[in-house]
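Heads up, the thing below is written out as structure tokens.
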Amino acid sequence: CLAPRSLRMSGGGSNLNTQPLVNEDEILKAKGLKNGERVLLYDGVCNLCNGWVQFVMSRDKELKYKFAALQGPGGRAIMSKYDRDPDDLSTLVLVDEHEKIFTKSDAVLNVVKQIGGPVLGSVARVAQFIPRFIRDFVYSRIIAPNRYLLFGKKDSCRIPTKEERSRFLD
């Protein structure tokens with residue numbers, strides 16, 4: 001599920017004056033991503049993250065969301081395109097229809113507001129009144145670092161079914 005070397009940034013992306021070996025927009029276009037589509041990036045080997053993808057897919061009746069594992073070529077290209085570290089697996093990432101980036105609790109709450117229905121959508125709206133630093137502390141210090149311990153980890157990324165394939169970039 002790791003990106004091929006040809007898709008990685010030379011020098012790991014951390015040195016100045018390095019350029020992507022392949023243009024991110026070309027990769028994403030080849031993967032079928034169109035302007036204005038919402039994309040959720042997730043840790044492809046994390047059981048909690050894969051459960052989140054299943055949750056979203058089961059409630060996204062209008063097919064508003066596409067998905068990409070952070071470890072895959074599409075996920076890495078999106079991270080690079082938006083000047084984010086493609087090796088950072090610490091958070092879910094939402095790219096909305098206006099190409100605005102949401103991470104951590106903001107990513108979760110924005111999605112739940114859209115697809116959660118009247119009950120969960122309302123809970124998400126109320127939860128947004130909790131200060132971000134508190135929400136993100138819980139996300140970053142409690143949930144994210146313990147997700148493998150609590151929920152487990154797969155050896156490889158989830159393989160979408162034939163019916164789901166069009167919703168995944170990788």
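The values are calculated or read from the model by the stated rules, or taken from the named source; none is laboratory data. No experiment lies behind these values; they were computed from the predicted model shown. Cβ placement follows ideal geometry from the backbone for every residue including glycine, while neighbour counts extend to all protein chains displayed. We work out accessible area using only protein heavy atoms, side chains counted, and drop any ligands, DNA or RNA first. Shrake-Rupley method; radii C 1.70, N 1.55, O 1.52, S 1.80 Å.
Of all the numbered requirements in (1) out of contact with any Gly (no Cβ under 7 Å at 6 or more places or on another chain); (2) more than 22 Å from Lys34 (Cα to Cα), Cys157 misses one, and that requirement is (1). Apart from one condition, Thr161 fits all of (1) modelled with pLDDT of 90 or more; (2) hydroxyl-bearing (Ser, Thr, Tyr); (3) open to solvent by less than 70 Å² (accessible area, probe 1.4 Å); the exception is (1).
For Trp52, the criteria (1) modelled with pLDDT under 95; (2) touching a Leu at 6+ places or on another chain (Cβ under 8 Å) hold in every case but one, which is (1). Only one of these is touching a Leu at 6+ places or on another chain (Cβ under 7 Å), open to solvent by 30 Å² or more (accessible area, probe 1.4 Å) and assigned to a helix (DSSP H, G or I): Val119, Val126, Val108. Name it. The conditions single out Val108.
Are any residues in region 40-55 over 13 Å from Arg158 (Cβ atoms) and surrounded by fewer than 21 Cβ atoms within 10 Å (Cβ to Cβ), and if so, which ones? Phe55, the sole residue that qualifies. Taken together, the residues in region 70-86 that are open to solvent by 10 Å² or more (accessible area, probe 1.4 Å) and touching a residue at least 24 places away in the same chain (Cβ under 8 Å) amount to 7. Restricting attention to region 132-158, the residues that are more than 17 Å from Leu41 (Cα to Cα), small (Gly, Ala, Ser) and surrounded by 13 or more Cβ atoms within 10 Å (Cβ to Cβ) add up to 0.
Could you go through region 96-110 and let me know if any residue there is closer than 17 Å to Asp170 by Cα and not polar (S, T, N, Q). No, region 96-110 contains no residue that is closer than 17 Å to Asp170 by Cα and not polar (S, T, N, Q).
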